[in-house]
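Step one of this worksheet: look at the structure below.
The values are calculated or read from the model by the stated rules, or taken from the named source; none is laboratory data. Nothing here was measured: the structure is a model prediction, and the numbers come from that model. All Cβ positions, glycine included, derive from the backbone under ideal geometry; neighbour counts span all protein chains shown.
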Ligand SMILES: NC(=O)c1ccc[n+]([C@@H]2O[C@H](COP(=O)([O-])OP(=O)(O)OC[C@H]3O[C@@H](n4cnc5c(N)ncnc54)[C@H](OP(=O)(O)O)[C@@H]3O)[C@@H](O)[C@H]2O)c1
């Protein structure tokens with residue numbers, strides 16, 4: 001069986017490829033990226049650019065199961081179009097099972113809402129793929145660590161309103177994706193990759209203060225306190 005990872009040279013993509021290579025099962029691993037020269041064996045590197053759908057036909061040829069990792073392109077509408085192009089190319093290339101990397105809390109939303117591209121991708125996947133699985137990730141714990149590092153000196157951790165988050169390690173998301181790709185019984189499932197606990201902003205700040213021994217308060221950003229004077 002040939003298993004493909006599209007968006008393979010990013011943080012998550014690299015982690016999924018190495019999980020797949022580590023696991024037994026006799027599967028071949030194809031890493032699809034705009035920089036295939038960075039892929040080292042035994043994974044096979046192939047060129048694929050979501051913005052050039054014609055490149056995806058060749059990139060996805062012969063692949064049995066494919067993971068589509070979306071980009072971080074901030075331009076409204078762009079990421080949704082990329083998701084649709086990748087799903088269409090995979091279905092056309094004869095990929096039997098498409099796994100789509102989505103985000104926790106995805107629901108019907110319109111651009112420019114951040115979640116709109118995930119909603120569009122999920123809906124298109126369900127309508128188009130011969131078999132599909134959706135893996136919705138929560139916030140990366142690694143991204144939270146970066147935010148903490150940037151906040152400790154000011155003593156203030158910010159967040160949008162009082163949103164709760166169940167941070168998850170990127171490596172755990174990668175392990176889940178690899179398990180879905182080479183396992184059976186996952187068709188038609190929507191999974192949430194989350195951490196064990198939903199923490200409010202105040203709880204996050206208190207936890208970090210306790211771990212580091214440094215004071216850290218939480219400030220919820222609202223329209224009124226972030227608006228220019
Ligand atoms: N949960 C969170 O807290 C959180 C935070 C940030 C991002 N995310 C999401 O997590 C996913 C991946 O995260 P990451 O940390 O791995 O991001 P990353 O390291 O920035 O990787 C982004 C990937 O997007 C690919 N890409 C960008 N433009 C492309 C294009 N035109 N065609 C094909 N591939 C393209 C890159 O592929 P190449 O291999 O071609 O370079 C790269 O592999 C994304 O869906 C992102 O939205 C989640």
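Could you list, in sequence order, all residues of the range 3-17 that are more than 9 Å from the ligand (Cβ to nearest atom) and free of Cβ contacts under 8 Å to residues at least 12 places away in the same chain?
Within the range 3-17, none qualify.
Being surrounded by 14 or more Cβ atoms within 10 Å (Cβ to Cβ) and free of Cβ contacts under 8 Å to residues at least 24 places away in the same chain is the filter; apply it to the range 204-229 and report the residue that is farthest from residue 100 (Cα to Cα). Spell out how you get there, then give the answer.
Just the residues of the range 204-229 that are surrounded by 14 or more Cβ atoms within 10 Å (Cβ to Cβ), to begin with: 204-209, 216-220.
Subsequent filtering for residues that are free of Cβ contacts under 8 Å to residues at least 24 places away in the same chain retains 206-207, 209.
Working: 206: 35, 207: 33, 209: 36 Å.
Filtering first and then ranking leaves 209.
Does the range 36-53 hold any residues that are within 11 Å of the ligand (Cβ to nearest atom), assigned to a loop (DSSP other than H, G, I, E, B) and touching a helix residue (DSSP H, G or I) at 6+ places or on another chain (Cβ under 8 Å), and which are they?
39, 48, 49, 50, 51
State all residues of the range 143-167 that are within 17 Å of the chain's Cα centre (by Cα) and loosely packed, with under 14 Cβ neighbours inside 10 Å; if no residue qualifies, say none.
143, the sole residue that qualifies.
If you take the residues of the range 103-117 that are free of Cβ contacts under 8 Å to residues at least 60 places away in the same chain and within 13 Å of the ligand (Cβ to nearest atom), which of them is nearest to residue 25 (Cα to Cα)?
Among those that are free of Cβ contacts under 8 Å to residues at least 60 places away in the same chain and within 13 Å of the ligand (Cβ to nearest atom), it is 103.
Restricting the range 20-35 to residues that are in contact (Cβ under 8 Å) with a residue 60 or more places away in the chain and surrounded by 13 or more Cβ atoms within 10 Å (Cβ to Cβ), which is nearest to the ligand (Cβ to nearest atom)?
Checked the range 20-35; the qualifying residue nearest to the ligand (Cβ to nearest atom) is 20.
Within the range 83-96, which residues are surrounded by fewer than 22 Cβ atoms within 10 Å (Cβ to Cβ) and either over 16 Å from residue 188 (Cα atoms) or in contact (Cβ under 8 Å) with a residue 60 or more places away in the chain (or both)?
Let us first name the residues in the range 83-96 that are surrounded by fewer than 22 Cβ atoms within 10 Å (Cβ to Cβ), namely 84-85, 88, 91-94, 96.
Within the range 83-96, 84, 85, 88, 92, 93, 94 meet the criteria.
For the range 74-85, state whether one or more residues are in contact with a helix residue (DSSP H, G or I) (Cβ under 8 Å, 6 or more places away or on another chain), modelled with pLDDT of 95 or more, under 24 Å from residue 21 (Cβ atoms) and not in a loop (DSSP other than H, G, I, E, B).
No.
Any residue at all in the range 60-70 that is within 11 Å of the ligand (Cβ to nearest atom), more than 23 Å from residue 169 (Cβ to Cβ), surrounded by 23 or more Cβ atoms within 10 Å (Cβ to Cβ) and modelled with pLDDT of 95 or more?
Checking the range 60-70: not a single residue is within 11 Å of the ligand (Cβ to nearest atom), more than 23 Å from residue 169 (Cβ to Cβ), surrounded by 23 or more Cβ atoms within 10 Å (Cβ to Cβ) and modelled with pLDDT of 95 or more.
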